[in-house]
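Read the figures in this text as sums done on the coordinates, not as results from a lab. A quick note: this is a predicted structure, and the numbers were derived from the prediction, not measured. Don't worry about glycine lacking a Cβ; one is built from the backbone with ideal geometry, like all the others, and counts go over all protein chains shown.
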Amino acid sequence: MMVQSTGFFAFLRLGLAAFFAVAFPAAGQPQEEVEKRVNDLLRTMTLEEKIGQLNMVSNGALLRWDDISSGRVGALLNFNNAQDIARAQAAARQSRLKIPVLFGLDILHGFRTQFPIPLGEAAAFNPRLSRLASEWAAREASYIGVQWTFAPMADLSRDSRWGRIVEGFGEDPYLGSVLTAARVEGFSKGGLATATKHFAGYGAPQGGRDYDTTYIPPAEMYDTYLPPFRAAVEAGSVSFMAAFNALNGVPSTANAWLQTDVLRKRWGFDGFVTSDWAGINELIGHGIAEDGAEAARKAILAGVDMDMMGELYIRYLPEEVRSGRVPESVIDEAARRILRSKMRLGLFDRPDADPKHVDSIFPSAEARQAAREVAQETIVLLQNRNKVLPISGSVRSIAVVGPLADAPLDQFGPHGARGHAQDSVSILQGVRAKAEQSGIQIRHAIGCDLVCHSSDQLPAALEAVKSSDLTIAVFGEPADLSGEAASRAHLALNGKQEEILRALAAAGKPIALVIIGGRPLELGTLPDQIPSVLMAWYPGTEGGPALADILFGDVNPSGKLPLSWPRSVGQLPLYYNRLPTGRPTLENNRFTLKYVDEAITPLYPFGWGLSYTQFAYSRPEITKTHLKAGDILEVSVQVTNEGSQKGHEVVQLYTRDPVASRSRPLRELKAFEKIFLEPGQSKRVTFQILVNALGFHQDDGSYWLEKGAIQIFVGGNSLADLSGEIFLEETVTVPLGEQRAISSMKVYRNDL
């Protein structure tokens, strides 16, 4: 089995002229024809009509329908049924130039059929499933006329206090690049254009507080936070969304370095950029604009083409142009980018939404099966002492306890689009259906409600536990405690959940804790008292059957953590790929890197996830140890299933540059492969990594590949043992100005 990972910078081997034609399907039209049609249309447009294309408004009480029919709206959001979409598009067809509007909606992890939340999906370490989930979401949404999703979220985050971590891929730039590309491809295949968000640095707010400012050194931006966005460009994202936050003192919505220098000049992106909700107006709150006119001027000059729900462009840009403060050529270019995208999507030529289409035909049996398959691979077995799981044949009764055991809406998580509670199969329902097949009795008690402010219902729960052979405790984070505007200073289980769980564990019966939530939670000493712990995230429509498949052993858990799980909120931000320190941790030396009141290590590390079987790794073999720029690093390892159950394993390869001109991370994920093994079966996994991917950026944007040793680690998580070492024989530097045509994101693909 061969895995190729060509990395981010394929210079020398690939040539300076290669790899910068971003492919945007143009509904069968040659690119030259698209550009001609756009330019011909622009020549016929008035200034007000051009600016109208830059205006996006939401469905609701404030929507003025005559603005649509007069050409003053270029895009609409929050239209989620075919009847309203057809009506609005018909209004746009009444305008002088009959330019169609673009319909957008937040579709992050499903439309009617809900898949696991993106952070959970990342735990599958399987881009095929990421494409599958996104494709299904797009199929359902495009059926009723939605054309554009405000997804995927490509924000890397190392701080689980931030509520929107639920929408992303976790803490690693390589994993994030692979999955962001897969999601863009899946949405596109299913019929939706993407608005990759939030550009950029939004996932690193100070204190984990949503909307707060971020400070990220330039080199770290290039190496850590920008690669997933670059992956989206090369995967064909139609648009980008500017972030709410200020980046190093400059709000992203007015940040020309991001929108123009990096995105367009350096990466060659020719789609369009939209603000987030009223993001341009928020430049006043950021303190860089005195009024709406100045905010509009700064945003458009920075490269933000579309104003979402601010109406500042439509209100102020005509006068800004006539006064000479904004060149009309800037308006022309913004309108051109939007019209080009509409042409490429075929909006001018394809039929409008069919008002007879309804989302009630979903979820289909096929969509449910896909949602179940994805959910199965996202569940992470964090610990399993005494082999409490899978449920053995000797178990004849099970107590299912907890406020999230039968909470069908909460298991969707945030941004459920058109998800309906009645579509969802709860954890209780899934376990009960599976138990009935084996004649196992189920006792259910909630223990407490979702808020869990009272333990009044604990006695009933204890009675169920004491009368059963096994307890499945389903606790965690209700959906309204996760997502946007849900940053948390405390990550402990809310209310009296921890108290109740301690009482359940003290009953002396075997117990497994299933955590439902959008991020790692602070568990305190519960892992010492509860032998088996699973992270199920928000598993979606088919979460109940998927979890039951895992609990009963019909499916072997294979999820791996896409982020480090803290012991305490005080450790945050926490991430495996941190820089070394001059005083590394020494157990008996107080004056080294540590806390005086907590371990320095995470509770569970990045890439961690157990199985019901055991996988053994041979010593990895490195084909060639002395390499130059443009060469391929080839590492192979044999993995054997030494247990009695079939299962998947995620084989992970990390590198470290131990001595460089600037400190480099202790480890960096460079490749992974998810393999399936029958009991006793072995497979050889061969990773091929372009040597150029082993370099790093300087603050000036130049890219350096330095002579010296590189350490290699291969294993099942980020604690993998040192496997060997290679030596780079030369130093190569690439100045910023030469990188536009040399950087490639041909990322590793897993097509299981």
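Within the same chain, lysines fewer than 8 places from LYS36 are excluded, and of the rest, those with a Cα less than 25 Å from its Cα are LYS50, LYS98, LYS265, LYS342.
Per 0.36 nm of contour for each residue apart, how much would the distance between ASP700 and ASP469 grow if the chain were fully extended, relative to their Cα-Cα spacing?
Numbers: separation 231, 0.36 × 231 = 83.16 nm, distance 6.27 nm.
Length difference between fully extended and current span is 76.9 nm.
Listing PHE606, PHE696 from fewest to most neighbouring C-beta atoms within 10 Å gives PHE696, PHE606. For the chain, DSSP calls about 50 percent of its internal beta bridges antiparallel. Can you tell me the orientation of helix 292-302 relative to the chain, as the angle in degrees between its alpha-carbon axis and the longest Cα principal axis, to the nearest 10? With both axes taken from Cα atoms, the answer is about 80 degrees.
Taken over segment 209-327, the ratio of Cα radius of gyration to 2.2 N^0.38 Å equals 1.05. Loop-located GluC sites (Glu not before Pro) across segment 141-234 with a Cβ neighbour count of 16 or fewer within 10 Å are lacking, with loop assigned by DSSP.
Only helices enter this figure: runs of n ≥ 4 DSSP H residues, each worth -39500 (n - 2.57), summed and divided by the residues of the chain, yield -7500 deg cm²/dmol at 222 nm to the nearest 500.
Only one item in (i) 17, 45, 29, 9, 0; (ii) 17, 49, 30, 4, 0; (iii) 12, 26, 15, 10, 10, 11, 12, 4, 0 matches P(r) over Cα pairs in 20 Å bins from 0, in percent derived from the coordinates shown, and that item is (ii). If a paramagnetic tag sat 7 Å from the Cα of ASP597 along the Cα-Cβ line, which residues of segment 535-569 would have the backbone N under 17 Å from that point? Residues passing the 17 Å test: 567-569.
Length gained on full extension, PHE727 to LYS189, computed as 0.36 nm times the residue gap minus the Cα-Cα distance: 189.5 nm.
When the dipole is taken about the Cα centre of the chain, and only Lys, Arg (+1) and Asp, Glu (-1) are charged at their Cβ, what size is it in debye, to the nearest 20?
Details: 75 positive and 85 negative charges, 179 e Å.
Here the size comes out at about 860 debye.
Are there any trypsin sites (Lys or Arg not before Pro) in segment 342-376 that are in a DSSP loop and have at most 10 other Cβ atoms within 10 Å? List them by number. Let's see the in-between values first.
Working: sites: LYS342, ARG344, LYS356, ARG368, ARG372; in loops: LYS356.
Here the sparse-neighbourhood loop sites are LYS356.
Placing a label point 7 Å from the Cα of LYS356 along the Cα-to-Cβ direction, the residues of segment 134-170 whose backbone N falls under 17 Å from that point are 143-145. Note on LYS356: aspartates and glutamates with a C-alpha under 17 Å away, same-chain residues under 8 apart excluded, are ASP84, GLU140. Taking a straight Cα-Cα cut-off under 25 Å and skipping sequence neighbours fewer than 8 places away in the same chain, the lysines within cross-link reach of LYS624 are LYS670, LYS674, LYS683, LYS707, LYS746.
Counting every other Cβ atom within 10 Å of each residue's Cβ, MET153, MET45, MET343 order from fewest to most as MET45, MET343, MET153. Please work out the C-alpha center-to-center distance from segment 261-317 to segment 519-560 and express it in whole Å. First find each Cα centre; the distance between them is then 43 Å.
The ranking of HIS648, HIS420, HIS453 by Cβ neighbour count inside 10 Å, starting from the fewest, reads HIS453, HIS420, HIS648.
Run through segment 426-494 and list the trypsin sites (Lys or Arg not before Pro) located in a DSSP loop whose Cβ has at most 11 other Cβ atoms within 10 Å. Display every interim value, and only then the final one.
Details: sites: ARG432, LYS434, ARG443, LYS466, ARG488; in loops: ARG488.
Passing both the DSSP loop test and the Cβ count: no residue.
Between PHE615, SER564, ALA295, whose Cα lies farthest towards the positive end of the dipole of the chain when Lys and Arg beta carbons carry +1 and Asp and Glu beta carbons carry -1, centred on the Cα centre? It is PHE615, whose Cα lies furthest towards the positive end.
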